[in-house]
1. In region 422-435, how many residues are touching a residue at least 60 places away in the same chain (Cβ under 8 Å), assigned to a helix (DSSP H, G or I) and either surrounded by fewer than 20 Cβ atoms within 10 Å (Cβ to Cβ) or not assigned by TED's automatic domain parsing to the domain that holds residue 367 (or both)?
2. Quick one: residue 300 ticks every box in (1) farther than 19 Å from residue 424 by Cα; (2) surrounded by fewer than 24 Cβ atoms within 10 Å (Cβ to Cβ); (3) modelled with pLDDT of 90 or more bar one, so which box is it?
3. Just checking, does region 115-125 include any residue being in contact with a helix residue (DSSP H, G or I) (Cβ under 7 Å, 6 or more places away or on another chain), in contact (Cβ under 8 Å) with a residue 12 or more places away in the chain and surrounded by 16 or more Cβ atoms within 10 Å (Cβ to Cβ)?
4. Restricting region 239-285 to residues that are in a loop (DSSP other than H, G, I, E, B) and within 23 Å of residue 436 (Cβ to Cβ), which is nearest to the chain's Cα centre (by Cα)?
5. Scan 97, 26 and give me the residue that is touching a strand residue (DSSP E or B) at 6+ places or on another chain (Cβ under 9 Å) and either at pLDDT below 90 or over 30 Å from residue 165 (Cβ atoms) (or both).
6. Which is closer than 30 Å to residue 119 by Cβ and surrounded by fewer than 17 Cβ atoms within 10 Å (Cβ to Cβ), of 58, 5, 27?
7. Can you pull out every residue in region 126-160 that is in contact with a helix residue (DSSP H, G or I) (Cβ under 9 Å, 6 or more places away or on another chain) and either over 15 Å from residue 52 (Cβ atoms) or free of Cβ contacts under 8 Å to residues at least 40 places away in the same chain (or both)?
8. Just one of (1) surrounded by 19 or more Cβ atoms within 10 Å (Cβ to Cβ); (2) touching a strand residue (DSSP E or B) at 6+ places or on another chain (Cβ under 9 Å) trips up residue 49, so point out which.
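The values are calculated or read from the model by the stated rules, or taken from the named source; none is laboratory data. Note that the coordinates shown come from a computational prediction; the quantities given were computed from them, not determined experimentally. All Cβ positions, glycine included, derive from the backbone under ideal geometry; neighbour counts span all protein chains shown.
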């Protein structure tokens with residue numbers, strides 16, 4: 001419902017004063033001025049009612065699937081469906097969770113039956129699936145006497161993918177590597193290729209892609225070539241989302257770093273030709289089967305964008321569920337746990353999983369590094385600080401659970417108890433790797449680095 005502005009109330013007060021003065025003095029000109037000011041307010045009120053509700057807004061984001069830390073452009077197409085000139089507009093769009101600030105833009109009056117496109121660059125966006133509430137416009141007449149607020153668009157869903165690192169090798173999987181073709185563009189898996197097992201008759205309903213045509217020509221019967229997948233061809237990845245273990249404020253907290261690390265490792269495995277079963281430890285158990293193709297990588301990014309740290313229980317129960325909840329939960333012989341928590345129950349569950357014959361790996365994101373305020377921390381939480389002191393990328397082995405101090409003069413990020421627990425995992429044959437705030441994922445997670453390898457070959 002329209003209402004007068006400050007100027008509108010002033011005109012109404014002036015009209016009332018002139019009317020009273022006219023009554024006292026008896027001058028009819030004062031009555032005319034009073035009714036004129038009142039008419040201005042009424043006409044402005046009617047103009048806002050008629051034209052304000054005829055304004056429509058369509059919002060689009062470019063790119064429509066941004067990555068965390070990007071500064072996308074929000075385009076708003078305003079359309080005046082009225083046959084009258086449109087009012088002055090102030091467009092307000094709440095960006096709940098997308099970034100810290102809301103958007104407010106002023107738009108000049110629109111001509112009758114016309115459109116206008118206005119754009120604005122947003123600040124760095126945060127990972128997640130964000131549902132932006134409908135945009136609102138504050139319509140105001142050209143004199144600024146009356147105004148009204150209307151909802152002019154539908155809710156907008158924005159999916160922001162995490163910023164992951166493209167790994168050429170992984171310290172948690174030293175037996176898997178990537179090589180390139182002669183053009184250097186296509187990543188192929190160098191280890192773990194399928195091995196020929198034998199030839200048998202084809203059964204109805206089986207795919208024809210593995211038909212052995214030479215054997216079929218000799219026997220006159222469709223013969224199927226059986227391939228044996230190597231050990232660890234499939235990997236189960238469990239991402240910790242324990243709510244009580246989250247330290248820091250998004251997007252700069254240990255859970256966001258864990259999501260990026262899990263995405264980097266899973267993307268490496270998919271590009272190497274391995275399937276991934278992504279298990280999300282949330283308030284409701286979620287499992288996503290990812291195949292080693294473009295669709296699997298897209299599904300990975302979508303799953304990582306949706307995950308939230310909402311699990312009320314500890315991660316140890318989820319690890320135990322892998323080997324007690326049925327074979328459908330543990331399809332692979334390899335399990336990688338990306339955790340923001342570390343306690344004795346979790347260590348015991350991982351060792352029990354290892355005793356079941358499953359290859360286990362543990363990637364721990366230290367929350368202690370997010371509890372401290374570092375003067376040299378980066379403005380972008382997904383990028384390493386500019387001034388860091390690092391050794392060679394291959395100098396940190398996954399068998400070193402605590403990891404050396406990665407900054408000159410920095411105090412250890414892990415407590416004595418945490419180091420003891422990680423040493424217990426390492427002693428049980430479980431590769432461990434730790435991540436701190438500001439770490440370069442490509443360097444910390446890689447087993448070797450192309451630049452490092454070329455320098456070694458030059459020697």
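1. Step one: list which residues in region 422-435 are touching a residue at least 60 places away in the same chain (Cβ under 8 Å), which gives 422, 424-425, 428-435.
Filter again for assigned to a helix (DSSP H, G or I), leaving 422, 424-425.
With either surrounded by fewer than 20 Cβ atoms within 10 Å (Cβ to Cβ) or not assigned by TED's automatic domain parsing to the domain that holds residue 367 (or both) added as a condition, the list becomes 424.
Qualifying residue count, region 422-435: 1.
2. Unmet condition: (2).
3. At the first step, the residues of region 115-125 found to be in contact with a helix residue (DSSP H, G or I) (Cβ under 7 Å, 6 or more places away or on another chain) are none.
Looking through region 115-125, none of the residues is in contact with a helix residue (DSSP H, G or I) (Cβ under 7 Å, 6 or more places away or on another chain), in contact (Cβ under 8 Å) with a residue 12 or more places away in the chain and surrounded by 16 or more Cβ atoms within 10 Å (Cβ to Cβ).
4. Within region 239-285, the subset in a loop (DSSP other than H, G, I, E, B) is 240-241, 246-247, 250-251, 272-274, 281-285.
Going one step further and asking which of them are within 23 Å of residue 436 (Cβ to Cβ), we end up with 240-241, 246-247, 250-251, 281.
On the way: 240: 16, 241: 14, 246: 16, 247: 18, 250: 11, 251: 10, 281: 16 Å.
Checked region 239-285; the qualifying residue nearest to the chain's Cα centre (by Cα) is 251.
5. Values: 26 fails: touching a strand residue (DSSP E or B) at 6+ places or on another chain (Cβ under 9 Å).
Step by step, each of 97, 26 is checked, and only 97 is touching a strand residue (DSSP E or B) at 6+ places or on another chain (Cβ under 9 Å) and either at pLDDT below 90 or over 30 Å from residue 165 (Cβ atoms) (or both).
6. Values: 5 fails: surrounded by fewer than 17 Cβ atoms within 10 Å (Cβ to Cβ); 27 fails: closer than 30 Å to residue 119 by Cβ.
After ruling out the rest, the residue left standing is 58.
7. Across region 126-160, the qualifying residues are 126, 127, 128, 129, 149, 159, 160.
8. So residue 49 meets the others, but not (1).
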